[in-house]
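Since the structure comes first, as structure tokens, the remarks are kept for the end.
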Protein chains: 2
Amino acid sequence: MATKEIDKVFKALAHPGRRELLDRLHAKNGQTLGELCAGLAMARQSVTQHLGLLEEVNMISVNWHGREKRHYFNPVPIHMIYERWIRKFDRQRLDALHNLTGKLEGAEP
Amino acid sequence: MATKEIDKVFKALAHPGRRELLDRLHAKNGQTLGELCAGLAMARQSVTQHLGLLEEVNMISVNWHGREKRHYFNPVPIHMIYERWIRKFDRQRLDALHNLTGKLEGAEP
DNA sequence: CCTTAATGCAGGTCTATACCTGCATGTTTG
DNA sequence: CAAACATGCAGGTATAGACCTGCATTAAGG
């Protein structure tokens, strides 16, 4: 099963630095290691380590252009987490939202 | 800000044992420590520790009945995580789903 | 009451991991 | 080709946290 994979994704999300990196990539895809380091209170090597972990769990993918390593955000794992974990804890709210949407659509014209 | 709180919730979710506990409480609310321990490959004291952490970040709440401590699942923090973190990474998919739903509804009759 | 049951509290160990420094490798460009 | 640049690789330390054992405390029930 992918239960071990899910665990790794959760663990990857459990660090503010890694979430920040994901956030930055989501805002601007394809950034290099150097770009991602700028402004972070961490040594480059630490960032490399975090990016390595994120790559390992497929939350980012990588593309080499000469001496530059470009990073790209991959939404699949985080969506998997949502689908298999978050959604069921939230069903009541989602159902409520769905009903509300239905009523609004019905009252539209 | 609640950024530190969010971090704690992510960290709380980053452990399979704690996720299992949340899962069990979600399935059957109000269980005691003893009940929750049953079948878990952990000492009672470890479970106490995990429950303490979950309580600290408000993912569960507690109610004493005599010598029994009953635990209740609280969906708010996990929903907060979804709202502030997961949803934005998933907007494309959600939009796609929304469009699909609209088309299906249009093609219904 | 006195026994049994449910839990709390106080350490102690051991592994994971976050972070760093220092040096090596490969790529661009004048 | 040589200097400057982007990154990799190899350790080393230190803190967090997951887990345990042992004993104390409070409640229930005969």
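The values are calculated or read from the model by the stated rules, or taken from the named source; none is laboratory data. Only a predicted model underlies this, so the values are computations on that prediction, with no experimental measurement involved. Counting neighbours? That spans all protein chains shown, and the Cβs are built from the backbone with ideal geometry, glycine included. What goes into the accessible areas is simple: the full protein's heavy atoms, side chains included, and nothing from ligands, DNA or RNA. Shrake-Rupley method; radii C 1.70, N 1.55, O 1.52, S 1.80 Å.
Some points to look at:
- Peptide-level mean, for B:77-84, of C-beta atoms on other protein chains within 10 Å: 3
- Protection proxy ranking of B:38-45, A:45-52 - average other beta-carbon atoms within 10 Å, highest first: A:45-52, B:38-45
- Cβ-vector label at 7 Å, A:PRO16, separations to other copies in nm: 2.9
- Peptide ranges B:14-27, B:59-72 listed from the most packed, as the mean C-beta count within 10 angstrom indicates: B:14-27, B:59-72
- Taking the label point 7 Å along Cα→Cβ, A:GLN49 and its counterparts in the other copies are spaced 2.2 nm apart, in ascending order.
- Accessible area that becomes buried as A packs against B, both chains, 1.4 Å probe, Å², nearest 100: 2600 Å²
- Within straight-line cross-link reach of B:LYS4, lysines at Cα separation under 21 Å, skipping those fewer than 8 residues along the same chain: A:LYS11, B:LYS88
- When chain B is turned onto chain A, the axis of that turn runs closest to one Cβ of chain B, and that residue with its distance in whole Å is B:ALA14, 2.
- Cβ-Cβ FRET estimate between A:THR32 and B:ARG87, R0 fixed at 22 Å, reported to 0.05: 0.20
- Ranked from shortest, the separations from the 7 Å Cα-to-Cβ label point of A:ALA2 to its equivalents in the other copies are 2.9 nm.
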